[in-house]
Amino acid sequence: MQITLLGTAAGGGFPQWNCACRNCAGLRAGTLRATPRTQSSIFVQADAGGPGLLVNASPDILTQIQRQPVLWPKSGQRPEALVAGLRDTPIAGVLLCDGQVDHTTGLLMLRERGRPLPLWCTDPVAEDLSQGFPLFGVLGHYCGVQRHAIPLDGRSFAIDRLDGLRIRALALDSKAAPYSPHRDAPVPGDNIGLLFTDTRSQRSAFYAPGLGQISPAVADAAGSAQLVMVDGTFWTDDEMPALGISRKTAREIGHLPQMDAADGTPGMLRWLGTLPAASTRLLLHINNTNPILDEDSPQRATLAAHGVTVGEDGMQFSL
């Protein structure tokens, strides 16, 4: 199994187009040692060089395709060529962790596919994308969508053409999209984490770009994985209110910050420290305000001291 990080930023990317915070302004001016990032997405292949699964379809998907050779079409080299052997794609399907804009808008950029796009999502996300944000209806005028339901009962499932790869979904404590009828009354399946397992190597990767709380099921799945890729949106719970950007805290919008809360409630960093030392622990879905983007910051040094890596676009991992 090979996993490529296509995008590692939260919604808006880094730098964010309308933001002049210390991070965004410093990156533009060249006074901050930091790396630009596109919005959150990964590509999972059962075998390097073969077809794979696009997990979340970022608004930046076209830029990600241009930058990552694993996503380039190879005309005439695969049986799935779409039009006279000239158009094909290594994207065997798309899986959505939630119905948020920054994880779904890229579906519109895949409309020239030429046949229905295989897509895996939960029932609540399918409802959101059929009603509150009706992307499925729009795509029906182009390639269309061949939707597959994701089970939330602990069963693993497979993706066509990705032999040797099994996936298990876990319902997460987070938030549905603002246009979802479940926004203030969450239901299981609004947001999921994913455990990918290579049945040949018996090695696994856990992926949860939106994670508001560590449940026993999440702890067990992450503890069994050799690669753990989780929500790195905010450093502190009050990061956005302190900057005057929002009145809502990290936890109120469904993200577990890296640092413990003022009342001692554990944050992401303390939990990651409980995972096996041999595992690779990555933060992604990083908001443009998070000080860990500054490679010379004390917060970045704290992560390094705890064996936690800040994910970057283009990183690849083989399991």
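Every number here is computed from the coordinates shown, using simple stated rules; none is lab data. What you see is a predicted model, and the numbers here were worked out from it, not measured in a lab. Cβ coordinates were reconstructed from backbone atoms using ideal geometry, including for glycine residues, and neighbour counts include every protein chain displayed.
For the chain, the longest piece that avoids every one of the chymotrypsin sites (Phe, Trp or Tyr not before Pro) found in DSSP loops with at most 16 other C-beta atoms within 10 Å covers 180-319. Over what distance in Å are the Cα centres of the stretch 219-274 and the stretch 129-176 separated? Going from one Cα centre to the other spans 26 Å. In the chain, the calculated helix contribution to ellipticity at 222 nm averages -4000 deg cm²/dmol per residue, counting -39,500 (n - 2.57) for every DSSP H run with n ≥ 4.
If you take the square roots of the eigenvalues of the alpha-carbon gyration tensor of the stretch 1-74 and sort them as a ≥ b ≥ c, do you get rounded (a/c under 1.5), prolate (a/b over b/c) or oblate? Prolate, because a/c is 1.5 or more and a/b exceeds b/c. Each principal axis of the Cα cloud of the stretch 2-318 was evaluated for its coordinate range; sorted largest first, these ranges are 58, 41, 38 Å.
Oblate is the label for the stretch 1-141, because a/c, from the alpha-carbon gyration tensor with a ≥ b ≥ c as root eigenvalues, is 1.5 or above and a/b does not exceed b/c.
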